[in-house]
Each structure stands twice: as C-alpha cells, then as structure tokens.
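Here's the structure we're looking at; comments come further down.
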Amino acid sequence: MPDTATTGAAPAQVVPFPADFRTREIETNGTTIHVRFGGSGPVVVLLHGYGETGDMWAPMAAALAPDHTVVVPDLRGMGLSAKPDGGFDKKTQAGDVAGVLDALGIDKAALVTHDIGNMVGFAFAALHRERVTRFVLIDAPLPGVGPWEEILKNPLLWHFRFGGPDMERLVEGRERIYLDRFWNEFSAHPSHFGEAARAHYAALYALPGAMRAGFAQFAAFDQDAIDNKAFLAAGKLTVPVLALGGEMSFGLTMAEVMKFAATDVKGDIVPGSGHWIMEENPAATVALVKAFLAAG
C-alpha cells in the first residue's frame, strides 16, 4: 500500500509524531502491521505494550529522529494493525518485526521496548541475534525467565488469566472501564495518565477485534515461556542491554530479570514513575534511552 502522512492515518493523537514521519501498512507473516517511520541514521525500533499502541512513543520518536531512523509498529492485533485470529505468541510476532524491517530494507536495528513489547523484542533478539545492535527493555518481565513464577503470584496481575469469549462480552462497550484499572493501578500517580490519552487508547481498543487480540496476547504467555526457555538453552543474549523499571513499579528488578537472559546488562530507574513511563516521566525515559543508544 502507498505511504500516508501519519496525521491522517489514525484518530487524533495525544502527542503527534513529527510531521515528516510517514505511515505504511506492511503485509507480512500472515497479517498487516501498521508502521510509522521517519528520521535518519542508525535504526531504532520502538515496540509498545498493552493498554497503549505505538502512539505512546511519539515523544521518543521526536527526540531520536534527528540522528536515528525510527520505526514504530503497532503490534499484531493492536492499534491500527490487523486483528488476525491467531499468532499472538511472541515468537510469531518476532516474525512480524522481521517482516517489517525486511519490507523497509533494514538489516540491523536497536530495540526499545515496553511491556508486551519487551516479550516480542526478546523473541526477535533471540531469533535474529545478528540484527540487534542494542536493546532497551522497560518495566515488564519475560515469561519463563528468572523469577517469572513468583511475579505471577502478584494479585495485580489478575489480567494475565482473564480472557475468552465471555470476557469479550463483559467488556464490550466498557473498554474504558476495563483499561482504567490498569492505567490507575499501575501508575505512581493516576492523574499523570491524562484524560486525552485515556480517551484515545480506549477508542483504539474498542475497534472490532481489539479486545479479543489483547486477551490473546496474555493467553499466549504459557507458550511464550516455553519458547523463551528454548531460546536461552541456545545461550544468553550478548547484545548490550539496558533494563529500565519505573521507580514505583519494577525498578531495578528489571535488571535482575534480564541478568537471567543476557550477559551485558545495565539497570536503571525511571524516577517518579509507575509502569506508564512515557505518560508519567517521558523526559527521564527519553534521556535514559538516548544516553544508552549514544554509548553504542
């Protein structure tokens, strides 16, 4: 499909991407992935998580674009990407990322990922080790890695096992109510996840098939754990890793998790933030990421 201007491809964004960014619908791996891209220089891929879409990365993209080519997909089934029936295990979604990069003629890239994006990014890095230059993972664990079973006992993570057709019926027309739980409970200060952002993302998750796809992301965790253990049996990642946690969320636990999965791990904290780092403290998050990328 032809490229389009970013500002015309999505509902009004809370923070727009730079005006010279473009969008493209890339057909790959049995689905269609909505991608924003722009800038120039070494490539950085930004992968979002649940409760948001690639739109979360607009401030990061603007900060990186002067000296990086920035690629921002919506994950399979989320945002403006297609909502297929399956393929929500992260190994399959790593294939989506590979297909996006191939379509854009990109060989190597740094990864900056958050939440479920961490899991997709890890699968991509494990399967395509030669294509990843540096890797930032932010505030979410990896299925099957390190203290995963202990993390699952946290009652705040009830949603990992919430899904299926009855659950879709329960949340239909009530997507905002459902998502507010996460935006409130995983924020250091819920008011920092503003009303405009909440309305924006709730509308995207109310699109046909979006909540089903979101539930499927979590339902795949058992398979993801099996796949991750197989990846690590082949050896830890050797790419430089920055593991960031929100001060009021995973904090330095992120680095402890990643030491089970990589040999070169630096940990740091996004101050004053819970889980929603780009809503709660985007300036600190951008600064930490830029410094790490520049070190390479």
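A few remarks follow.
- In a simple Cβ point-charge model (Lys, Arg +1; Asp, Glu -1; nothing else charged), the stretch 1-143 has a dipole of about 220 debye relative to its Cα centre.
- Spin-label model distance (nm) - residue 149 vs residue 107, 7 Å beyond Cα toward Cβ: 4.3
- Rounded to the nearest 500, the 222 nm mean residue ellipticity of the chain from helices alone is -11000 deg cm²/dmol, with -39,500 (n - 2.57) taken per DSSP H run of at least 4 residues.
- Given the alternatives (i) 25.6, 91; (ii) 17.3, 49; (iii) 18.1, 56, Rg and Dmax of the Cα atoms in Å as computed for this entry is given by (ii).
- Net charge over other residues, Cβ less than 13 angstrom from the Cβ of residue 239 (K, R count +1; D, E count -1): +4
- Fraction of beta bridges assigned by DSSP in the chain that are antiparallel (%, nearest 5): 40
- Label-point gap, in nm, between residue 207 and residue 166 - each point 7 angstrom along Cα→Cβ: 3.0
- Counting only residues at least eight positions apart within a chain, or on another chain, the lysines with an alpha carbon under 30 Å from that of residue 229 are 83, 90, 91, 108, 153, 259, 266.
Bear in mind these aren't lab numbers, they're just calculated from the coordinates by the rules spelled out. No experiment lies behind these values; they were computed from the predicted model shown. Cβ: placed from backbone, ideal geometry, glycine included. Neighbour counts: every protein chain shown.
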